[in-house]
Structure formats: structure tokens, C-alpha cells
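Shown next, in C-alpha cells, is the structure this report addresses.
The values are calculated or read from the model by the stated rules, or taken from the named source; none is laboratory data. All values reported here derive from a predicted model rather than from experimental measurement. Please note: Cβ atoms are built from the backbone with ideal geometry, for glycine as well, and neighbour counts cover all protein chains shown. Surface accessibility is based on the protein's heavy atoms, side chains included, excluding ligands, DNA and RNA. Shrake-Rupley method; radii C 1.70, N 1.55, O 1.52, S 1.80 Å.
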Amino acid sequence: MNSSFDLGPFPFHEETSLSKNSTKPEKFSWRLDPEESFSDWTIVLDVLTHPEDEDDDDDENKREADETTPIQTEFHVHKSYLAAGTRRSLYFQQVFSVSSHHHHHQNNNNALLLEESLDATSRIPLEESAARAIPTFLDFMYSENDPLEVTTESAVALRWIASYFGVEPMFVQVNDFIHKDLAANNSSSSAHHHHRGTGGNCFLTYLQEAAIYCDEKVAQAACKVCAKKFGKLKVEDMVRLSPLQFSSIVEQAKISSPSDLMSNRVATYCDARRDDIAPEMLLKWTDPNYMNVINSKAAVSLLRHAEQAMMMGGGGGVASVARSTSSDDAATTEAHVDTTTSSTNHNNNPNAALMERCIEAASSNWQVALVENLRNPKEAQRSGFAALSVETRCRVLERALTNADDQLNDTKKRLETSQARISSLHAHVRFENVVVMATNGGMNAREEGAREGWSSITDESYDSDDSGLMTSA
């Protein structure tokens with residue numbers, strides 16, 4: 001039999017609580033009202049801005065989406081959750097230690113930490129993506145077992161936050177996510193995309209974020225994935241890479257990628273970012289030790305960039321000096337290019353060797369160089385042939401004519417050889433017909449051969465036939 005006892009009601013009444021209308025949260029959180037949660041520390045974010053990047057539309061869609069969500073810049077937190085437990089922050093642990101013993105630690109090394117402790121506020125300068133990731137960081141700090149909520153877009157920022165605040169468990173979980181995300185992107189199978197990674201071209205996000213936070217390890221890992229898929233990169237994704245990022249990828253891709261593929265990719269990137277490409281980068285990307293073959297279609301584009309690099313003497317960006325011959329000053333531009341190119345010592349300019357390789361590759365397909373570019377001005381404009389200087393175009397056409405002549409002579413020789421073989425086959429067939437006719441009609445093969453004009457048939461060649469005929473008879 002169960003007994004019940006009257007132990008009395010809860011001694012506190014609702015009206016004595018701090019907030020009569022407050023609702024009981026599922027668990028303690030930094031998201032609670034600071035007065036109700038007895039917050040004893042404040043984190044204030046100073047979101048960094050980069051005015052020079054305002055006109056950069058590389059990530060326009062993402063930026064527009066982010067602008068719809070305001071960034072929270074003030075967080076009322078609790079020292080015990082930040083500096084104690086298995087997920088403690090070594091940064092805040094040090095800050096709070098200085099706060100407790102500031103009279104004994106007033107030196108230059110702790111000056112900044114002491115300034116934070118005096119007003120119980122940490123002012124942290126952060127990049128925008130890191131500022132947006134701070135709520136995720138705090139959720140992780142206030143939870144004992146919940147995994148870190150990380151995505152491809154926030155991974156590098158969270159990795160930086162974990163390093164800055166000294167939270168090792170968070171750092172480990174971010175690294176694990178990045179490893180799996182890049183591995184899934186590196187795999188041809190989509191079965192690996194079971195986490196919150198974007199898959200697809202996540203390497204681009206990692207490269208861009210790694211550049212913001214100067215994270216060389218993440219950048220190197222993303223470059224490896226990109227290099228493996230170098231030939232499959234979408235043009236719109238590839239041209240969003242900075243020249244330094246593209247250079248890092250080329251360095252790894254050129255070891256395993258076919259030379260003609262490399263030349264096509266480099267030409268496409270140079271066309272899209274022509275004003276950002278330094279001459280030394282162009283030479284590095286087209287190193288003949290790796291790019292020993294230049295695709296004929298890419299050759300004209302690379303030739304244009306090499307020509308412009310020569311005019312600039314190897315310094316600065318590759319300016320577009322001769323973009324189009326349809327402009328009013330085309331003749332003046334071409335005349336300037338001719339003079340500069342002619343007066344340049346090709347033996348002393350490393351771009352001259354690249355130009356020579358490009359001219360050879362462009363003229364190898366002489367049908368395009370001679371027929372399409374000369375008969376079709378629109379094609380010449382599209383391919384970039386019309387943007388070349390007069391001298392360079394003449395060199396390409398001259399080499400194309402030489403190649404066409406060599407091919408014609410080779411074709412003639414092969415035709416003569418084929419005709420000789422055909423004549424020999426005809427003679428053999430006629431000889432066989434003579435033998436058959438002689439056999440069937442009892443005619444002497446020598447007489448028939450003489451009648452047919454087979455003066456080259458020797459007596460020995462008939463003896464065996466005559467013997468055969470007589471034996472047969």
C-alpha cells in the first residue's frame with residue numbers, strides 16, 4: 001500500500017520571480033535575457049569592412065543573401081561556460097585569470113587582457129564570415145555533447161575562431177568536417193555527401209575563405225582537389241580564382257594534366273583576367289617542361305598575351321594594347337606593336353620563346369590560320385587573331401603557308417607512291433589473267449604475253465607455266 005505525505009508547496013511564488021512572463025528554456029543558453037541569466041561578460045564584435053572589395057561581384061549571390069540577415073554584434077555570455085569544462089576557451093581562461101589577479105600582472109603582455117577585464121567586455125575584430133559564425137561558436141561552448149553545426153561556407157571561419165579563442169575540441173571537429181567535405185568533393189561518387197557540405201565545387205569556397213584568413217593548410221588541401229579536377233572546372237568558377245590561387249592550382253595540375261588541356265585552361269583564364277596577369281605568371285604557367293604541346297586553338301590567345309607581355313618588358317600586368325582592329329585607332333596601335341616587336345631582342349626576352357611556340361602551334365592548323373581567319377573577319381575577331389599585331393599575324397600566316405606547302409609536298413609524294421603501287425597491282429592482275437587465258441585456251445603464255453606487251457616477263461617466268469601446260473596436256 002502506497003503512502004502519501006504532505007510536504008508542503010514550493011516556497012517561491014510566481015510573482016516573486018524576475019520576470020512573470022518569462023518562459024522556462026529547455027537548457028541554459030547565452031541567448032537568454034542577460035538579466036535573467038545573470039550574464040557576467042559581454043562580447044562585442046567589430047566587423048571588418050574592405051571598401052576595395054565593394055565592386056567585386058565574384059560572390060554577388062552569396063553577398064546578397066547575407067545582407068538580408070543582420071549580423072549580431074553583442075553577446076551577453078557567462079564566464080563559467082567560456083573558461084571551464086571540456087570545451088573551455090584558453091583565450092577567455094587567460095582573460096578571466098588576469099581579471100582575478102590584475103594587481104599582480106600589470107605588464108605590457110597582459111595590458112590588452114587587463115583592459116578587457118576592467119569593463120567585463122571583450123571587443124573582437126572579425127571578418128564578416130567569422131562574425132556570422134559566432135552564434136555557432138557560442139552554441140558549441142554552451143553544450144557538452146552536441147556536435148558543432150558547421151557548413152562549407154562557415155568551416156574556415158569556425159576554424160579560425162577555434163584557433164583564436166583556443167578551443168581544441170571545436171578545432172578538431174572543424175578539421176574533421178573539412179577533410180570529409182573535400183574528400184567527398186574529390187570523389188566521383190555522390191554517396192559521400194552525407195554531411196552538410198555543399199559538394200560540387202566546394203573547393204572554391206575554401207580557397208576564397210582561406211585567402212581571407214591566410215589559412216595556408218586549407219588552401220593547399222583545396223588546391224589538391226581543384227588540381228585533380230582541373231579539366232572539369234567550370235569556366236565561371238575558374239575565372240573567379242585570383243591569379244595566385246590559379247597559379248597554385250596550375251603548379252599541381254601541370255604534373256598530371258595533359259599538355260593541350262593545360263594550354264586551353266590557361267588561355268581561358270588569361271582571356272578572362274587579362275589585366276590581372278603578370279608576365280612572369282604567364283611564363284610560369286606555360287613552362288615548356290610541363291606544357292610541351294600547345295593546343296592550336298589556345299595558341300592564338302596565348303600568343304596575344306605573350307606579345308603584350310613583350311611590349312611591357314616583363315613588368316606590370318598584361319594590359320590589352322591591341323584588343324581589336326575594328327577601332328578607330330587600330331592602325332596606330334598595330335604600327336606601335338610592329339615597331340616594338342621588331343626592335344625587341346627575342347633572344348633576350350623569355351616571352352619570345354613562348355611566342356615562337358604559339359606561332360608554331362597556331363600555324364600547325366593552316367586551314368584555320370589561312371582560310372577561316374582570312375575569309376571570315378568575324379572568326380578572326382572571335383579567335384583573337386585580329387587583335388594580334390600586323391607583324392605577328394604575318395609570321396603566323398607565313399608559317400601556315402610553309403606548313404601547307406610541306407603538307408602538299410608530302411601529299412604529292414604519298415600520292416605518287418600510291419599510284420606506283422596501283423600500277424604494280426594492275427600489272428600483276430593482268431599477268432594472272434594472261435596465265436589463266438593461256439591455260440584455258442592452250443595458248444603459249446609467252447606468245448600471249450608478247451601480244452599483250454608484257455616485255456618485262458622473262459623466259460623463266462613462262463617456263464614453269466609451259467611445263468605445267470604440257471604436263472597438264
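Values for this structure:
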| quantity | calculated |
| --- | --- |
| Some residue of the stretch 285-293 being crowded, with 24+ Cβ neighbours inside 10 Å and assigned to a loop (DSSP other than H, G, I, E, B) | yes |
| Near pairs, Cβ below 9 angstrom, 6+ apart or cross-chain, from the stretch 262-287 (under 16 Å from Glu251 (Cβ atoms)) to any residue that is outside any helix (DSSP H, G or I) and among the basic types (Lys, Arg) | Met262/Lys254; Trp285/Lys254; Asp287/Lys254 |
| Candidate set from the stretch 223-252 (those that are polar (S, T, N, Q) and in a helix (DSSP H, G or I)); member that is farthest from Leu182 (Cα to Cα) | Ser247 |
| Qualifying helices (runs of 4 or more DSSP H) (wholly inside the stretch 294-410; at least 1 residues being modelled with pLDDT of 70 or more and within 19 Å of Ala278 (Cβ to Cβ)) | 296-311, 350-364 |
| Cβ pairs under 6 Å, 6+ apart, first in the stretch 352-369 and under 14 Å from Met291 (Cα atoms), second surrounded by fewer than 21 Cβ atoms within 10 Å (Cβ to Cβ) and not acidic (Asp, Glu) | Ala361/Ser296 |
| So Leu425, is it in a helix (DSSP H, G or I) and touching a helix residue (DSSP H, G or I) at 6+ places or on another chain (Cβ under 8 Å) | no |
| Residue list for the stretch 396-426, filter: of a type in the set (Lys, Arg) and either out of contact with any Asp or Glu (no Cβ under 9 Å at 6 or more places or on another chain) or surrounded by fewer than 17 Cβ atoms within 10 Å (Cβ to Cβ) (or both) | Lys412, Lys413, Arg414, Arg421 |
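Each row is one residue, and each column tells you yes or no for (1) open to solvent by 70 Å² or more (accessible area, probe 1.4 Å); (2) touching a strand residue (DSSP E or B) at 6+ places or on another chain (Cβ under 6 Å); (3) modelled with pLDDT under 90.
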site: Asp181; (1), (2), (3): no, no, no
site: Asn185; (1), (2), (3): no, no, yes
site: Ala191; (1), (2), (3): yes, no, yes
site: Arg196; (1), (2), (3): yes, no, yes
site: Leu207; (1), (2), (3): no, no, no
site: Ile212; (1), (2), (3): yes, no, no
site: Lys217; (1), (2), (3): yes, no, no
site: Gly231; (1), (2), (3): no, no, yes
